[in-house]
Amino acid sequence: MLKILQDKLPQSLLSYLSFRISFQETLERIALARQMHEDTTFGFGYLTEVPFFKAVPPHVQLDMLASTWAKHISSENFEANLADESVIYSCCETSARMVESQDELISSYLKGGPLDASVNLDHMLASELRGLHLNLSNNGEFLMISQFEDMHPDEARKTKKEFGMNEERLDIMFDTLGRWQMSSDFLQNLSHLFTGREILRIVTVLGVK
C-alpha cells in the first residue's frame, strides 16, 4: 500500500479505474502513433499532466505507472516518492478528464479487465477520481519543480529552502528524465490491473519481452 505523508491511497475501484484508464489511453496513443509512423519518444501520455515530465517517453511513463500500481496493491507499506505522487496525480487527472469527455472510449478501456467496472461515467465519477489525489496530504512539490529549471542554481536552492523542499527527495524526478529502458518487472507489475490476455497485447504493442 502506498502512503503519502499520513495518508494511504485507498485500494478501491476508483484507484483501479484511474490507473487502468490512464494506462490504456497512453498505450492506444502509442499504438496509433506507430501505425501513422509518427514519433513516439515524447510529447504525449498521461504523465504530461506534470509539466516537469513532458519529455519522458510514453513507454517509460507506462513503466512508472506499473511500478506505482504494484506498490499500491501490495500488502506491504511503501512511502511514496515524488515520482509515485506524480503518477497518482496524473492518473487521477487524466481519468477524470476522459470520463468527462470520452465516455464511449472509456467503456472500451474498462471492458474485459480483472475487475467488474460497471460504473456510471458521469461528472460525479470524474469528481471522485480527482478527489483521490486531492484528499491526500501532499504539498505538490512535483508540480512546483519545473519552475526551478530556468532559475540560477543559487536562486533555485534558496527558493527550495523557503518552501521546505528536500533536495534529496527531488533526485528521483531528475533521474526519471534520463530514463529510456523499461524495468525487468514491468509485466509482473501489471498484475491485477490487466488480464493475461491483455498483457499479451501490451507486449505486442510495446515490443517488450
**Q.** Members of region 48-73 that are under 15 Å from residue 178 (Cβ atoms) and either touching a Gly at 6+ places or on another chain (Cβ under 6 Å) or not charged (D, E, K, R) (or both)
**A.** 52, 53, 55, 56, 57, 59, 60, 61, 64
Q: Sort out which residues of region 1-30 are of a type in the set (D, E, K, R), surrounded by fewer than 17 Cβ atoms within 10 Å (Cβ to Cβ) and closer than 19 Å to residue 191 by Cβ, and write them in order of number.
A: none
Q. Do we find that residue 53 is farther than 17 Å from residue 12 by Cα, surrounded by 18 or more Cβ atoms within 10 Å (Cβ to Cβ) and touching a residue at least 60 places away in the same chain (Cβ under 8 Å) in this structure?
A. yes
Q.
With crowded, with 17+ Cβ neighbours inside 10 Å, of a type in the set (A, V, I, L, M, F, W, C) and either at pLDDT below 85 or not in a loop (DSSP other than H, G, I, E, B) (or both) as the only criterion, which of 165, 182 stands out?
A. 165
Q) What about residue 64, is it out of contact with any Lys or Arg (no Cβ under 8 Å at 6 or more places or on another chain), within 18 Å of residue 23 (Cβ to Cβ), aliphatic (A, V, I, L, M) and modelled with pLDDT of 95 or more? A) yes
**Q.** So residue 145, is it within 19 Å of the chain's Cα centre (by Cα), surrounded by 11 or more Cβ atoms within 10 Å (Cβ to Cβ), at pLDDT 90 or above and among the aliphatic types (A, V, I, L, M)
**A.** no
Q) residue 31 passes all but one of (1) at pLDDT below 95; (2) at positive phi; (3) touching a helix residue (DSSP H, G or I) at 6+ places or on another chain (Cβ under 6 Å); which number fails? A) (2)
Q) Taking region 23-76 only, how many residues are assigned to a helix (DSSP H, G or I) and β-branched (Val, Ile, Thr)? A) 6
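The values are calculated or read from the model by the stated rules, or taken from the named source; none is laboratory data. Here the structure is a predicted model, which is why all the values come from computation and not from measurement. Note: ideal-geometry Cβ built from the backbone for every residue, glycine included; neighbour counts use all protein chains shown.
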